[in-house]
C-alpha cells in the first residue's frame, strides 16, 4: 500500500473526530445563543439560525453514517453489526430530540425550555459520540471506503 493510500484510509478516523468536534462547537454556540437571548424574545433570528444550522448539520452527519459509513463497516467488519444497530438507534433518538428542539424554537419557547431541549440533545449526543469513537475509530483507520468525507460525515 502506497503512502497516499494509507493516508486516505487513516483519514476516516481523523474525519470522524473533526466532525464530532465541530458539532460539539455548534452545540455550544447554540447553547450560548439561548443563554444570551432576551427573555421576552427567545426565538431571535440568531437563535433560529444557530439552531437550524446545528440541527441540519447533526442530521446530515447521522444520515451519511447510516447511508454510507455503517454499511461499509458492516461489510468489512460483520462482528460490529450489533454496535452499528445500537448507533442507528441513537440516531433515531437524537432525530426525535432535534424535532422537539426545532418545534420549541419555532413556537418561541422560553429560554428555560430551549435550554432543557438543548441539554437533552447534548447528553445523548455526547454519549453517542464517545461510544462511536470507542467502538469505531480503530476500524476507521483501516476502512477501505472510497468516498468524499463531507458526503459521508456531513460538511462542516
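Every number in this text was worked out from the coordinates using simple rules, so none of it is lab data. Predicted model only: the values in this text are computed from it and were never measured. No Cβ is skipped: glycine too gets one built from the backbone with ideal geometry, and neighbour counts run over all protein chains shown.
The table below gives the values:
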read-out	value
Gaussian network model of the chain, Cα within-10 Å springs - most flexible of 83, 56, 106	106
Helix-only CD estimate at 222 nm, as mean residue ellipticity for the chain, using -39500 (n - 2.57) per DSSP H run (n ≥ 4)	-27000 deg cm²/dmol
Degrees, to the nearest 10: 3-36 long Cα axis against longest axis of the chain	10 degrees
For the range 72-117, alpha-carbon Rg relative to the globular expectation (2.2 N^0.38 Å, N residues)	1.72
Using alpha-carbon coordinates, inclination of helix 111-140 to the longest axis of the chain, degrees	10 degrees
In nm, spacing of pseudo-spin labels at residue 11 and residue 106 (7 Å Cα→C-beta vector)	3.8 nm
Directionally averaged shadow of the chain, computed from the convex hull of its alpha-carbon atoms, nm²	9.0 nm²
Mean separation of Cα contacts under 8 Å (6+ apart) over length of the chain, as relative contact order %	44 percent
Förster radius 35 Å - calculated FRET efficiency between residue 144 and residue 123, Cβ distance, rounded to 0.05	0.55
Helix axis angle, 45-64 relative to the chain longest principal axis, alpha carbon, degrees	20 degrees
